[in-house]
């Protein structure tokens, strides 16, 4: 029982993040609306960030800003740097995806995936 | 817009503080949380707030699209140019050791200049993306939306 | 501290489930902003202050505004689903089970002797104050030790802004040509 409790207390962050990742993945692959897909992708990205940052945490540590006090433990700064870059790249991807969704709406008149597929099939049978 | 009185007054009161806070975050990134990206986003948010309350035309009167594109390119060139400058001083690309009197000072100068380039590029990029979205006319009217 | 973490994680999962169910895209956008803000709070409890700052500003600020702009140009509601959700659910369950099985021998949360803490990260904490004179180690690593990656990142955001401007930045010609 003790071993199970330490197992849960030591791994609950990974499991919560995996649940969030799977919810984001479900939104991306099962919904047909393009904007909903983009929101699901954002959810997936944010949960991956939480995974990396939780791996860098040291119990009893503090933010990695050196204060000069002796005997201070700091959390690992390397995942923070990675995730800063990843957040900015994520917003760039989201902005570009939203611009593409707007252009698709202007060309096809809809942003639902199955309707776009229907219009494409009709255009193909005509030509 | 004459009926959004509270929004206009509060936006006019808050905007200088938002821009000042953006400057604080930019220059104090060395000593606390902050740095180029956060400061650039806060700057852009100040401009976006102005555009949301007073209209996009008012914002493009202050900063034109061309100025934003020039700002973006300048920020990126500042960063890449710092690397070229250190190559011209005889070191490797983006090696800041010779920018000051001793290597530690050189690193501080290099980090400051590079973060400034990042801040300018991010602020102009975010504002330009927002203006591009806001200027696009929708092809449906409000009733069909 | 475990209680705060659990509460934040619980709210994150609830928000994600609400985003799945809702079909009003305006509400989905607001909940996505709320999700980013809760993630920023979680980053604060995990000692990542720079990341929390950036996530709150970018995720709850810029991302919400851009999605609202895109919503104004597209549509407000999502169509009801006609495909059955069984296959995506099965896919997600299998992937999730495989990932959870993979995390069983990962290091415990917060352990100080995990491989990620003992190699380069600890070395940077010691060297950054001495070699760069900058107390914020994340800024020192971002701008000096890993400067190439940050250059690539600024290039990515520059390219994204240029691409958005090319796609929707120019006024539409009414005759249909672009």
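The numbers here are math on the coordinates, done by the rules we state, and not lab data. The model shown is predicted, which means the values in this text are computed figures rather than measured ones. In this analysis, Cβ positions are derived from the backbone assuming ideal geometry, glycine residues included, and neighbour counts consider all displayed protein chains.
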Please state which one of C:112, C:98, C:39 is on the phi < 0 side of the Ramachandran plot and outside any helix (DSSP H, G or I).
C:112
Starting from residues that are under 27 Å from residue C:116 (Cβ atoms) and more than 7 Å from every other protein chain (Cβ to nearest Cβ), keep the ones in region A:84-126 and report whichever is surrounded by the most Cβ atoms within 10 Å (Cβ to Cβ).
A:90
Scan of region C:63-106 for residues that are in contact with a strand residue (DSSP E or B) (Cβ under 9 Å, 6 or more places away or on another chain) and more than 7 Å from every other protein chain (Cβ to nearest Cβ), ordered by number
C:77
List, please: which pairs have Cβ atoms under 6 Å, are six or more places apart or on different chains, and start with a residue in region A:7-31 that is over 21 Å from residue C:8 (Cβ atoms) and end with one that is surrounded by 23 or more Cβ atoms within 10 Å (Cβ to Cβ)?
A:28/A:40
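Would you call residue A:18 assigned to a helix (DSSP H, G or I) and more than 7 Å from every other protein chain (Cβ to nearest Cβ)? Before the answer, list the steps.
On the way: assigned to a helix (DSSP H, G or I): yes; more than 7 Å from every other protein chain (Cβ to nearest Cβ): no.
Here the answer is no, as residue A:18 does not meet what is asked.
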Within region A:56-83, residues being in contact with a helix residue (DSSP H, G or I) (Cβ under 6 Å, 6 or more places away or on another chain) and facing chain C (nearest Cβ under 7 Å) number 12
Within region B:65-122, restricting attention to residues that are more than 24 Å from residue C:166 (Cα to Cα) and in contact (Cβ under 8 Å) with a residue 60 or more places away in the chain, which residue is farthest from the other protein chains (Cβ to nearest Cβ)?
B:116
Residues of region C:16-41 classified as closer than 28 Å to residue A:10 by Cα and at the interface with chain A (Cβ under 9 Å from one of its Cβ atoms), total:
5
